Amino acid sequence: MSKDEKGITAEKDEFSEWFTQIMLKADLADYTKVSGCIVFKPTAWAIWEKIRDLVDIRMKKMGVQNVSFPLFIPESLLVKEEEHVEGFTPEVAWVTHTGKTKLAERLAVRPTSEAIMYDSFSNWIRSWRDLPLKYNQWANVVRWEFKHPVPFLRTREFHFNEGHTVYATEAEAEAEKDQVLGMYKDICDNYLAMPSLIGKKTEKEKFAGAVYSCSLEHYMPNGKAIQGAAFHSDGQNFAKAYEIKFVNQKEKSEYAWQNTWAISTRTLGIVFALHSDDKGLIMPPKVAPNKVVIVPIIFADTKDKVLGKASSIKQKLEKYGTILDDREEYKPGFKFNEWEMKGIPIRIELGPKDLEKNSVMIARRDTGEKKSVKIDQVEEEVEKLLEEIQINLFNKAKKLLDEAQVNVTDLAELKKAIKDKKIAIAPLCKETRCEEDLKFKTGGAKVLNIPDEQPAKTKCVMCGEDSDYVARVGKSY
């Protein structure tokens, strides 16, 4: 597939090829010579900056401060928490030499920052007066964990926020969970138009080293689920490994309680895949860097009048990052297709006939609907349409997610649900062997997460013994 081919030549059902074409032709990213490591081009990066700003504002209201820690982690620090290092060892890229000189100790290229941060925390925290400590790092990380990378969705290098908080009591640490998950859900629902299923991970699927993990799971148009933002309750596991202790108000020494939480650039891939169509990218207006494009229809005898009015409209719509496409070397049809491909939420067309009627033609990217609007009503109409597009994209994605979930009561129903590319709501026991058996017998499905609200217990679909919970099961990235 060539970037130079115009238009999407694959349908959304051909997900891998379709998604790759969206990435390249909508100018979102490009490949590099390093497998699994992509270039984030300006549009994609601008959306990530918007997500980053939305998170940052909310974090700071929670009292979280931004910091920056080294990219390299000495092996001696990484191995301190046994479960953590075991979980990440297959993914770690190592630095072993500087020039021709072998290092005395290998350095891990940051897969996540617990090890390097918590070594410092152990030096900084001495008394209950030093708590809570609430830090966040915006970072890129490297995890060399898989054979088949997918741009945005599964890359070896990605960017994320990693919140690391330390509390004096378990109750304080636990109270942060709903705050963090609520922050991520608000951003996903109301800005990215991206509904989710929130729940707790199983022991097998939790973050390495955590007591438990919670995730936002999203449903993709190809029938696969994908984990989005996550919260990890670390209890005192890391505190004991890294000696993060403090003297409490009773003058007794005790270990601190910790949480970690993150949202990553994988979110971009979910947004692009969830909303886009066979014509190209569709962006939710609230995160689109350019929400409006004006395409003037230019003829020699009316050029100045049309461009003058188009420029005037652009100035009135400046707050939307409005683009005026006044290129004369391309025909209007070419421009229409290009901006559809790039996902601009609203296109405004203005030609001499429109000018005579003192109107413009406005087209919505999400539905393709077009309507004539008087020029003096353009600002009001654009504001209204952007809100309608935002709501429509969320409702469409919510309908897709709701219709993807099916209740199952036995293995046969579970296997059929997975074959039909659904998310099965299945009663399971907590035995790891049943989870492993589930993956084998369904051809690769896994437990996505466990909802907080639970019905009465029944029988595990795998072993027939009493179930411990009802879980969401599906194939996943």
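Where a number appears in this text, it was derived from the coordinates with a stated rule and is not lab data. Nothing here was measured: the structure is a model prediction, and the numbers come from that model. Note that we place each Cβ from the backbone using ideal geometry, even for glycine, and neighbour counts take in every protein chain shown.
Dividing the summed helix terms, -39500 (n - 2.57) for each DSSP H run of n ≥ 4, by the number of residues in the chain produces a 222 nm estimate of -10500 deg cm²/dmol to the nearest 500. With both residues required to sit in region 237-393, DSSP beta bridges show an antiparallel share near 65%. Against the compact-protein benchmark of 2.2 N^0.38 Å, the Cα-based radius of gyration of region 280-348 scales to 1.11. Quick one: Cα centre-to-centre distance for region 180-247 and region 337-365, in angstrom? With region 180-247 and region 337-365 each reduced to a Cα centre, they are spaced 42 Å. Between helix 170-190 and the chain there is an angle of about 20 degrees, using the helix long axis and the longest principal axis of the Cα atoms. Modelled spin labels at residue 358 and residue 172, positioned 7 Å past Cα toward Cβ, are 6.5 nm from each other. Evaluated at q = 0.19, 0.20, 0.28 Å⁻¹, a Debye calculation over the C-alpha positions of region 201-272 (equal weights, vacuum) places log10 I(q)/I(0) at -0.81, -0.86, -1.18. Bridging of residue 303 to aspartates and glutamates at a Cα separation below 12 Å is possible for 326, 328, once same-chain residues fewer than 8 apart are set aside. Structural descriptor for the chain: relative contact order 14 percent, calculated from alpha carbon pairs under 8 angstrom and at least 6 residues apart.
I want the antiparallel fraction of DSSP beta bridges within the chain, as a percent rounded to 5.
Details: 68 of 83 bridges.
Bridges in the chain that DSSP calls antiparallel: roughly 80 percent.
State the percent of C-alpha pairs, over all pairs in region 69-126, separated by a distance greater than 19 angstrom. Tail of the P(r) past 19 Å holds 29 percent of the pairs. A viscosity of 0.890 mPa s and a temperature of 25 °C, combined with the Kirkwood radius over C-alpha pairs in the Stokes-Einstein formula, give region 401-477 a diffusion coefficient of 204 µm²/s.
Note on region 19-108: Kirkwood radius taken over Cα pairs, Stokes-Einstein applied at 10 °C and 1.306 mPa s, translational D equal to 93 µm² s⁻¹. Size check on region 170-329: the Cα extents along the three principal axes, sorted descending, read 86, 40, 22 Å.
Using a 10 Å cut-off around each Cβ, can you sort 128, 257 from fewest to most neighbouring Cβ atoms? Intermediate values should be presented prior to the final figure.
On the way: 128 17, 257 27.
Sorted ascending by nearby Cβ count, the order is 128, 257.
Applying the Kirkwood pairwise sum to the alpha-carbon positions of the chain produces a hydrodynamic radius of 24.8 angstrom.
If contacts are Cα pairs under 8 angstrom and at least 6 residues apart, what is the relative contact order of region 75-201 in percent? Write down the numbers at each step before the final one.
Numbers: 122 pairs, mean separation 25.0, N = 127.
Averaging sequence separation for qualifying contacts and normalising by length gives 20 percent for region 75-201.
All C-alpha pair distances within region 78-219, sorted into 10 Å bins from zero, spread as 9, 30, 39, 17, 5, 0 percent across the bins.
Rounded to the nearest 10 degrees, the angle from helix 378-404 to the longest Cα principal axis of the chain is 40 degrees.
Both radii come from the Cα set of region 285-407: Rg as radius of gyration, Rh as Kirkwood radius; their ratio Rg/Rh reads 1.05.
Counting neighbouring Cβ atoms within 10 Å and putting the fewest first, the residues 272, 238, 246 line up as 246, 272, 238.
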